[in-house]
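Here is the structure we will look at, set down as structure tokens.
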Amino acid sequence: MKITHISAECYPIAKVGGLADVVGALPKYQNTSSNSSQVIIPFYNLKFTQNNEFKILFESELQLGVNNYKYRVLQLQENSLDFEVFFIDVPELLFNEYVYSSDDTDRFLAFQIATLDWILTWNKKPNIIHCHDHHTGLIPFMLQESFNYETLNTIPVILTIHNAQYQGWFSHEKVNYLPEFNLDHFGLLDWNYQINPLAAGIKCAWAVTTVSPSYMEELKQSANGLESLLSHETSKCKGILNGIDAEVWNPENDAFIVKKYKSRTIKSGRDANKNYLCKTFNLDASKPLFAFIGRLVHEKGSDLLPEVFKEVLKNRDISVLVLGSGNKENEVELNALVSDYSGNYNAFIGYDEKLSHIIYAGADFLLMPSRVEPCGLNQMYALRYGAIPIVRNIGGLKDTIIDIDNDGFGILHEEVEVNQIVDAIIRAKKLYSKKTKFSDIRKQIVEIDHSWFVSAKEYTKLYKSL
């Protein structure tokens with residue numbers, strides 16, 4: 001079976017969020033003796049593309065409204081990844097030092113049209129086309145409705161929703177940007193008086209998946225306006241929990257961390273990484289270390305963290321480390337706490353892949369007070385490294401973390417409220433003081449298997465059913 005993934009992100013080439021991690025790992029685990037999996041992404045002007053050489057596979061041009069754009073399809077001269085990757089190079093639109101911007105309608109329309117035009121030329125067509133999020137949400141519609149792609153419309157197409165908050169809306173005025181189709185079917189594009197790529201993808205895909213079972217059910221109640229559509233299409237919807245790349249995220253061979261460790265050497269290994277963090281960021285290593293890693297945005301609950309930290313740091317009996325960037329006001333507030341709680345609090349505003357690995361390997365607890373969390377990978381990384389997650393009981397967090405009061409291994413809170421997050425941290429401090437139980441939980445969680453092997457099998461079953 002030949003599987004073609006189409007996505008705006010793919011780790012390690014272009015990463016903004018969890019979408020990149022999924023598209024950078026799932027194809028690797030799908031490559032077996034009976035399956036071959038590949039990825040098509042835009043060609044951005046990023047570090048990865050700057051540091052590699054490419055060969056041209058195909059050249060042509062496409063039309064968006066009255067504008068014509070030349071494009072190329074590129075491939076790595078030497079592929080160091082575990083799956084094939086192809087790059088759609090539309091220099092005037094895509095070759096920028098960013099993944100997303102304010103003119104994304106034109107950018108991702110060009111990407112999708114160029115991708116399908118190129119697939120038309122293949123001798124061996126895909127058995128499955130797997131689209132990811134709204135940036136590729138018009139592909140199911142074009143495969144089904146556009147006259148240009150009639151020879152491809154028997155290929156099953158799957159749409160995975162990684163985050164339904166972002167839907168790619170644009171005006172009806174740009175309908176002529178799409179390859180010609182029967183305008184009697186215009187309603188497939190429309191949702192709430194706009195062209196909505198995510199809604200169109202849900203309507204036209206053969207199957208729709210989300211990145212956790214709980215998130216699929218939650219979307220039927222809250223999906224930024226798509227609740228009734230997802231409820232109507234429920235028969236073709238399925239939640240499949242994301243996995244993690246257990247080779248990249250493995251404390252036994254992680255080149256990023258200070259000291260590698262196995263389950264039997266977890267204490268010495270984690271102590272070494274914690275001591276490094278505390279020395280580097282002027283924190284007290286004798287206290288439990290709480291960390292937050294992620295985007296500083298409303299959906300992650302990061303706006304409440306300054307108030308939470310002021311409350312829990314009053315007695316200076318814990319240490320806190322933040323790694324993230326996003327909302328500028330939030331960044332300023334979190335940075336301002338450094339001088340007020342020197343020795344117990346610090347923040348790294350930005351993102352650093354190496355530092356994130358060391359934090360997972362050294363922090364005692366990971367905070368994820370998310371308002372929305374379709375799946376969440378950070379809690380799985382934390383489990384893999386022996387850091388105990390403190391999470392909101394929602395989405396994929398709900399599917400992966402069991403509370404210690406229910407014979408589990410994490411700490412859950414129901415709402416994104418300062419008092420509930422503070423209470424969860426207090427519960428964590430009590431757990432930390434019970435050294436035997438704390439040690440037993442750490443040894444337990446590093447053995448939990450959230451690798452892509454399990455999830456890849458679920459996708460294979462879905463593909464075969466189509």
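The values are calculated or read from the model by the stated rules, or taken from the named source; none is laboratory data. Remember, it's a predicted structure, so these values are computed and weren't measured experimentally. Note that we place each Cβ from the backbone using ideal geometry, even for glycine, and neighbour counts take in every protein chain shown.
Computed quantities for the displayed model
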| read-out | value |
| --- | --- |
| Members of region 329-366 found to be closer than 22 Å to Ser286 by Cβ and acidic (Asp, Glu), listed by number | Asp340, Asp364 |
| Qualifying residue in region 353-368 (condition: at pLDDT below 95 and under 25 Å from Ser268 (Cβ atoms)) | yes |
| Test: residue in region 103-110 that is among the aromatic types (Phe, Trp, Tyr), closer than 15 Å to Ile195 by Cβ and touching a residue at least 12 places away in the same chain (Cβ under 8 Å) | yes |
| Which numbered condition Thr209 fails, given (1) in contact with a Cys (Cβ under 9 Å, 6 or more places away or on another chain); (2) surrounded by fewer than 20 Cβ atoms within 10 Å (Cβ to Cβ); (3) of a type outside the set (Gly, Ala, Ser) | (2) |
| Pick from region 4-18, criterion of a type in the set (Val, Ile, Thr) and touching a helix residue (DSSP H, G or I) at 6+ places or on another chain (Cβ under 9 Å), ranking: nearest to Gly350 (Cα to Cα) | Ile13 |
| Yes/no for Ser235 being within 29 Å of Thr160 (Cβ to Cβ) and modelled with pLDDT of 95 or more | yes |
| Options Asn163, Asn196, Asn224: the member that is surrounded by fewer than 16 Cβ atoms within 10 Å (Cβ to Cβ), more than 22 Å from Glu150 (Cβ to Cβ) and not hydroxyl-bearing (Ser, Thr, Tyr) | Asn224 |
| Neighbours by Cβ (under 7 Å, 6+ apart or cross-chain): first from region 217-230, closer than 12 Å to Gln165 by Cβ; second among the hydroxyl-bearing types (Ser, Thr, Tyr) and modelled with pLDDT of 95 or more | Leu219/Thr210 |
| Selection count where residues are outside any strand (DSSP E or B), over 26 Å from the mean Cα position of the chain (by Cα) and surrounded by fewer than 17 Cβ atoms within 10 Å (Cβ to Cβ), scope region 342-353 | 1 |
| Residues (closer than 13 Å to Tyr459 by Cα and either touching a Cys at 6+ places or on another chain (Cβ under 9 Å) or in a loop (DSSP other than H, G, I, E, B) (or both)) located in region 26-51 | Pro27, Asn31, Asn35 |
| Residues of region 390-441 satisfying the condition of being within 23 Å of Glu218 (Cβ to Cβ), small (Gly, Ala, Ser), assigned to a helix (DSSP H, G or I) and touching an Asp or Glu at 6+ places or on another chain (Cβ under 9 Å) | Gly395, Gly396 |
| Near pairs, Cβ below 6 angstrom, 6+ apart or cross-chain, from region 48-59 (more than 22 Å from Tyr11 (Cβ to Cβ)) to any residue that is among the basic types (Lys, Arg) and surrounded by 13 or more Cβ atoms within 10 Å (Cβ to Cβ) | Ile56/Arg72; Glu59/Arg72 |
